[in-house]
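Chemist: Here it is, the structure in full.
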Amino acid sequence: MSTITRNDLRYLTEHDGEGVVLVAWYGEIPMGAWTDDDTAAFRAAIEDELRYIDDNPTDPVDMSLISIESVEGGDA
């Protein structure tokens, strides 16, 4: 199984768009959207995005600050 990253085609940087199924926040910060219902993969992409933003490839990310919600009317 390959590692999920922020470059996964299912990861969208905006909360709106065609095919959005899940949206996420890191605390109060919008973290984009995901185009299927694979919450675990979405979390992995968000973690990778946060590491990229912070230019920090190794230190732990506080995953408890990530909240993921289903979009009503999404494809899943």
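Chemist: Being in contact (Cβ under 8 Å) with a residue 24 or more places away in the chain, at positive phi and not hydrophobic (A, V, I, L, M, F, W, C), is that true of even one residue in region 9-31?
Modeler: There is at least one residue in region 9-31 that is in contact (Cβ under 8 Å) with a residue 24 or more places away in the chain, at positive phi and not hydrophobic (A, V, I, L, M, F, W, C).
Chemist: Here's something else I'd like to know. If we keep just the residues of region 7-32 that are among the hydrophobic types (A, V, I, L, M, F, W, C) and closer than 13 Å to residue 67 by Cβ, which is surrounded by the most Cβ atoms within 10 Å (Cβ to Cβ)?
Modeler: 31
Chemist: Quick test for you: out of 4, 46, pick the one residue that is touching a helix residue (DSSP H, G or I) at 6+ places or on another chain (Cβ under 7 Å) and either surrounded by 18 or more Cβ atoms within 10 Å (Cβ to Cβ) or not in a loop (DSSP other than H, G, I, E, B) (or both).
Modeler: Going through 4, 46 in turn, the sole match is 4.
Chemist: Given the structure, is residue 59 at pLDDT 90 or above, in a loop (DSSP other than H, G, I, E, B) and surrounded by fewer than 18 Cβ atoms within 10 Å (Cβ to Cβ)?
Modeler: Taking the combined requirement at face value, the residue does not satisfy it.
Chemist: Taking region 27-43 as the search range and keeping residues that are assigned to a helix (DSSP H, G or I) and hydrophobic (A, V, I, L, M, F, W, C), which one is nearest to residue 3 (Cα to Cα)?
Modeler: The residue in question is 41.
The values are calculated or read from the model by the stated rules, or taken from the named source; none is laboratory data. As the structure is a prediction and not an experimental result, all values here were calculated from the model. No Cβ is skipped: glycine too gets one built from the backbone with ideal geometry, and neighbour counts run over all protein chains shown.
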